[in-house]
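The values are calculated or read from the model by the stated rules, or taken from the named source; none is laboratory data. Keep in mind it's a predicted model, so treat the numbers as computed, not measured. Here the Cβ positions follow ideal geometry from the backbone for every residue, glycine too, while neighbour counts run over all protein chains shown. Please note that ligands, DNA and RNA were not included when accessible areas were found on the heavy atoms of the full protein model with its side chains. Shrake-Rupley method; radii C 1.70, N 1.55, O 1.52, S 1.80 Å.
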Amino acid sequence: MRGMGRPRGPEFLTLPLGARHGQVNGAAPAPARPVFGPAPPQSTPTTPPRSTPTTPPRTAPKPYGGRVLVTAALVAALTGAVAGVAGARLYEGSEPAPAAALPRVAPDPSAALTGLSATAARVLPSVVSVEAGSLGGSGFVVDDGGHILTNAHVIRGTGEVIVVLSDGRRVSARVIGEDDDEDLAVLEVAFPADLTPATLGRSSDLAVGDQVLAIGSPLGLSGTVTSGIVSALDREVRLGGSRRTAVQTDASINPGNSGGPLVNARGEVVGVNTAIAASRGGGNIGIGFAIPIDRAAPIAERIIRN
């Protein structure tokens, strides 16, 4: 080998090619000499004493440093080789580890909706969006005959009315009657079997602090559910052309909610969302009003009969 110098040192022994089995070119095997053992002691010439004959002769120290380094290198090489083989076998016999996933709660197939989620799920199929020309509002199905209750101001002055069902289907409806003083109107569609009637409750059973949901299409966002409480009962407000009492709630009501139901925690309709108190900038400020269902239901029944 050229360019790297000739190895030297007391522990290094260069073996000629073919001498691994103790014979070189047919010669008798030489006495074994350890490659990594200490070199045999060599005589070291001493300098005759000049003036002090009692000075002992000096001998060369035994070279241990080279042995330690060579042995350490050998151990490191063997250890690395064994670790490499073991690692290669382990890699060949194993699949790559899957990506770490964040822990999540396993779904419970037997769990049913409870609380307000169950209430909303029960009422939403009965709520519709009402499109009347440039106006828009909400309504809800009141019977099996295809009748829908809404506010009179939602359909006022329009001829054709479109009802958007909870599943997105659009059907035509006609106005069969309205009460301007109470701001109520009843629509009728031709396919009542496609509708799901809501359950009507009793507004007289309400108490301040009861939890309620307002459901409708505020700003055209159909199927919107907001929650709140009954803030006051028999609140006098202007509805239609006169002053009437209404249920006050802090459930968020906005333009487009008109005609939609106000329901209690059992999913029973207790009012018809009709008006809000708004600041100069408009929008909900937590003061909304609903016509009590105890007053709205008889008006709807009268319109349907006539």
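Considering segment 174-204 alone, what residues qualify as being over 29 Å from Thr245 (Cβ atoms) and either out of contact with any Pro (no Cβ under 7 Å at 6 or more places or on another chain) or basic (Lys, Arg) (or both)? Selection gives Arg174, Val189, Ala190, Phe191, Pro192, Ala193, Asp194, Leu195.
In a loop (DSSP other than H, G, I, E, B), within 16 Å of Gly136 (Cβ to Cβ) and over 42 Å from the mean Cα position of the chain (by Cα) - does that describe any residue in segment 159-167? There is at least one residue in segment 159-167 that is in a loop (DSSP other than H, G, I, E, B), within 16 Å of Gly136 (Cβ to Cβ) and over 42 Å from the mean Cα position of the chain (by Cα). Beta carbons closer than 7 Å, at least 6 apart along the sequence or on distinct chains, pair a first residue in segment 101-125 that is open to solvent by 80 Å² or more (accessible area, probe 1.4 Å) with a second that is modelled with pLDDT of 75 or more for Leu113/Ala121; Arg122/Gly267.
Among the conditions (1) at positive phi; (2) touching an Asp or Glu at 6+ places or on another chain (Cβ under 9 Å), Gly209 misses just one, which is (2). Taking residues in segment 184-207 that are among the aromatic types (Phe, Trp, Tyr), and partners anywhere that are outside any loop (DSSP other than H, G, I, E, B), the pairs with Cβ atoms closer than 7 Å and at least 6 places apart or on different chains are Phe191/Val171.
The condition of being without any contact (Cβ under 8 Å) to a residue 40 or more places away in the chain, among the β-branched types (Val, Ile, Thr) and either in a strand (DSSP E or B) or open to solvent by 70 Å² or more (accessible area, probe 1.4 Å) (or both) holds for only one of Thr245, Thr226, that being Thr226.
Within segment 144-177, being in contact with a strand residue (DSSP E or B) (Cβ under 6 Å, 6 or more places away or on another chain), over 17 Å from Gly260 (Cβ atoms) and surrounded by fewer than 17 Cβ atoms within 10 Å (Cβ to Cβ) holds for Thr158, Arg170, Val171, Arg174, Ile176.
Examine segment 184-207 for a residue that is loosely packed, with under 13 Cβ neighbours inside 10 Å, closer than 21 Å to Ala297 by Cα and either among the acidic types (Asp, Glu) or touching a His at 6+ places or on another chain (Cβ under 7 Å) (or both), and state whether such a residue exists. Yes - at least one qualifying residue is present in segment 184-207.
Confirm whether Val212 is within 21 Å of Ala118 (Cβ to Cβ), open to solvent by less than 40 Å² (accessible area, probe 1.4 Å) and either touching a residue at least 40 places away in the same chain (Cβ under 8 Å) or not in a loop (DSSP other than H, G, I, E, B) (or both). When the stated conditions are applied, Val212 passes them.
One residue alone among Ala275, Ala290, Ala296 is at pLDDT below 95 and crowded, with 21+ Cβ neighbours inside 10 Å, and that residue is Ala275. On the basis of being over 24 Å from Gly267 (Cβ atoms) and either in contact with a Pro (Cβ under 9 Å, 6 or more places away or on another chain) or surrounded by fewer than 19 Cβ atoms within 10 Å (Cβ to Cβ) (or both), does Leu233 make the cut? No, not satisfied. The residues listed here are Gly271, Gly256; of these, the one that is in contact (Cβ under 8 Å) with a residue 40 or more places away in the chain, more than 18 Å from Ala300 (Cβ to Cβ) and touching a helix residue (DSSP H, G or I) at 6+ places or on another chain (Cβ under 7 Å) is Gly256. On the basis of being assigned to a loop (DSSP other than H, G, I, E, B), over 23 Å from Val142 (Cβ atoms), among the small types (Gly, Ala, Ser) and in contact (Cβ under 8 Å) with a residue 12 or more places away in the chain, does Gly286 make the cut? Against the criterion (assigned to a loop (DSSP other than H, G, I, E, B), over 23 Å from Val142 (Cβ atoms), among the small types (Gly, Ala, Ser) and in contact (Cβ under 8 Å) with a residue 12 or more places away in the chain), Gly286 qualifies.
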